[in-house]
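None of the figures in this text is laboratory data; all of them are computed from the coordinates on show. All figures in this text were calculated on a predicted structure; none of them were measured in a lab. Every residue, glycine among them, receives a Cβ derived from its backbone with ideal geometry; neighbour counts consider all protein chains shown.
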Amino acid sequence: MSTLGRRHRRDRFMVGAMIVAVVVAIVPLGFILADVVVKGVGQLSASFLTQPEPFVATAAGGGFGAGVRGTIKMVTLGTILAVPIGVMAAVYLSEYDPQGPLAAVVRFFADVMTGVPSIFVGIFVFTAVVLATHSFSSWAGGLSLGILMLPVIVRTSEEALRLVPQELREASLALGVRRWRTIVSVILPTALPGMTTGVLLAIARAAGETAPLLLTAFGNQLIVGWGSWNGPEASLTLEIFTNSRSPFPAQQARAWTGALVLILGIMIISLVARALVARRSRGSR
Amino acid sequence: MTVVSAGRLVSRRPADALFRFATAACASIVLILLAGMLIRTTWAAWPAFSHSGISFVTSNNWNPNLNQFGGLSFIYGTLLTSILALVLAVPISVLIALFLTEIAPARLGTALGYVVDLLAAVPSVVYGLWGVFVLVPFLTNYVWQPLSNHLSFIPFFSPFASGRNFATAGVILALMIIPIISAVSREVFRTVPADERESALALGATRWEMIRLAVLPRSRQGVLAAVILGFGRAVGETIAVAYLIGGVPNKITADLFEQGSSIAANIALQFNEAASLPLFKAALIGLGVVLFAITLLINIGARLIIRRGGRGA
């Protein structure tokens, strides 16, 4: 009887420890989100998204318009670079030679590449582009984000392609449609929602990157034109980083608002991605 | 099977061969990029490597003004904070994963899983910002100061000058790797066959005994891989650590309340100073190569373990 009691006490203790662990992880998340909202919402306005930082950086007002634009530009460039290559690579892995040696090696190193520190990608682009062109640039920033997105897109797109029913491939080929037309007209459209989810997750991750941009886009207090890519440019993350390291309250306040904008943007992208997943799984079953 | 042979037949046509080649070329870009990154950065760092030789990683003497580049303290700071993060994060993450897969009702488990995953969606610059303005004062007043007052006879906990130190960096890293370790562990626990759980429960095991007898023994390898992946992430984290570690080079000490620096943080913090000094710049790039080598080994190790567990693909 006492053994049984001890066993049950031990069981309750361990389950209690598990609940404590969940709380220990969720409470800081709650505080982070709450602090960002409370400290950031005061300055949030439409002009925060479009105005540059004030000329005298320690003055109040102004916004992270430079960073918002820079993040949009560089994430877009990264997406344009990474998506076609990533999707084509995934097509090879899933459609042409899933069991082959090249596929195995690429899969392995794509996984390894997701673990490469983002600052190292920044260092690489710094040596390959910034040193070569003698200038920090939006090009370099976008390229570093594209490199970071590539392995994520390869792996998520391959997963999406694998979920395409085998019957679709067979039906298309049986009708005499060529392999590449089958892929382009039948398989890719079917896998599109899943691939979109992967791309959105990669975009969300890229938008939150700071370290690689520090070494490639460098940052800029001024707003750079949409069409101008050859000079240093800000990102939302870089502006948060530099402003938060200032001792002046006005800059710290802007950093919090920037963090709020960044988190809202990332949450919206992630929610859209989740919604796509939910719709797809409801549609197919 | 039929599709594979059909594919071979059809791929003799030129358009198909071309398309196949294009996809294979794109797949190879991943490999070319990885190799290119290693070669290009090593080349750019070569002046520093040849200047310092092996002392680049064995000497604790980082003094750019005197052209002395011994980066051991950064390697030490990186490993110390990452191991500290593991000590804090591994038990928490495994317990979370067990709760979500084994104890919680399915719906609650899924919902809580989403919430824990959100921790991974917070950008590191936000962790750094929040760390400096909220976590540092909190830890200083309620944890570090009391620990240091009462336990200063233990060498880990001396009196301290600043809330930005190894210990604080370890705490923020722990928060950042909890979602990774717990997500991978969840996947691992899910692969344990239901009948093994049911057999344990049918024999009268409590929930914890079921976990200990049926779930954990089968999951050891997978959880180890999860831990290594989390370690790799912690080792490479830059911005949050740059905010919180203090940024002081040449500190090798077991005292967790000392200010120090890590490889990645030091690159970010000293990058501007090095702009006009070629050798200094090469040395920072060299630190990047060292970091890359460390994370490459860690990640290859983790992936090999995952693969050997038969859960590859």
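What the table shows:
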| read-out | value |
| --- | --- |
| Equivalent ellipsoid semi-axes, region A:193-243, via Cα gyration tensor eigenvalues times 5, rooted, Å | 24, 14, 9 |
| Relative contact order (percent, whole number), region A:159-274, Cα cutoff 8 Å, 6+ residue spacing | 24 |
| Loop-located chymotrypsin sites (Phe, Trp or Tyr not before Pro) in region B:122-182 whose Cβ has at most 13 other Cβ within 10 Å (DSSP) | B:153 |
| Using a Förster distance of 22 Å, the FRET efficiency for residue B:15-residue A:192 (Cβ separation, nearest 0.05) | 0.45 |
| Rg/Rh (Cα only; Kirkwood hydrodynamic radius) as it applies to region B:56-308 | 1.05 |
| Average beta carbon contacts from partner chains per residue of B:174-184, 10 Å cutoff | 2 |
| Shielding by partners, peptide A:167-178 (average Cβ within 10 angstrom, other chains) | 2 |
| Phi-based couplings in Hz for region A:223-230 (Karplus 6.51, -1.76, 1.60; Gly and Pro marked x) | 7, 9, x, 4, x, 9, 10, 8 |
| Order of B:294, B:96, B:172 under a 10 Å beta carbon neighbour criterion, fewest first | B:294, B:172, B:96 |
| Region A:34-157, dipole about Cα centre (Lys/Arg Cβ +1, Asp/Glu Cβ -1), debye to the nearest 20 | 180 |
| Furthest towards positive pole of dipole, B:266, B:118, B:60, structure part region B:56-308, Cβ charges | B:118 |
| Choice from B:265, B:293, B:106 with maximal GNM fluctuation in chain B (Cα, 10 Å cutoff) | B:106 |
| Chain A: C-alpha gyration tensor shape, a/c 1.5 cut-off, then a/b vs b/c | oblate |
| Dipole in debye (nearest 20) - chain B, about Cα centre, beta carbon charges: Lys, Arg +1; Asp, Glu -1 | 1020 |
| Sequence-distant residues sharing a close amide H with residue B:70 (under 5 Å, placed H) | B:61, B:62, B:63 |
| Three-way shape label, region B:227-281, alpha-carbon gyration tensor, a/c 1.5 | oblate |
| Kirkwood Rh in Å, taken over the protein assembly as shown so that all alpha-carbon pairs contribute | 25.6 |
| Kyte-Doolittle at least -1.0, axis length at least 18 Å by Cα - qualifying DSSP helices, chain B | B:14-52, B:72-98, B:106-121, B:166-190, B:216-236, B:278-308 |
| GNM result for chain A, Cα springs below 10 Å: residue of A:66, A:206, A:25 fluctuating most strongly | A:25 |
| Residue-averaged beta-carbon neighbours from other chains (10 angstrom radius) around A:250-261 | 2 |
| Cα-based shape type of region B:22-98, given that a ≥ b ≥ c are square roots of the gyration tensor eigenvalues and the cut on a/c is 1.5 | oblate |
| In order through region B:240-251: 3J(HN,Hα) via Karplus (6.51 cos²θ - 1.76 cosθ + 1.60), integer Hz, x for Gly, Pro | 4, 5, 4, 5, 10, 8, x, x, 9, x, 6, 9 |
| Net charge of neighbours whose Cβ lies under 15 Å from the Cβ of residue A:137, counting Lys and Arg as +1 and Asp and Glu as -1 | +1 |
| Most positive-pole-ward Cα, B:222, B:22, B:50, against dipole of chain B from beta carbon charges | B:22 |
| Positive-end residue of A:91, B:232, A:183, charge dipole of the protein assembly as shown with Cβ unit charges | A:183 |
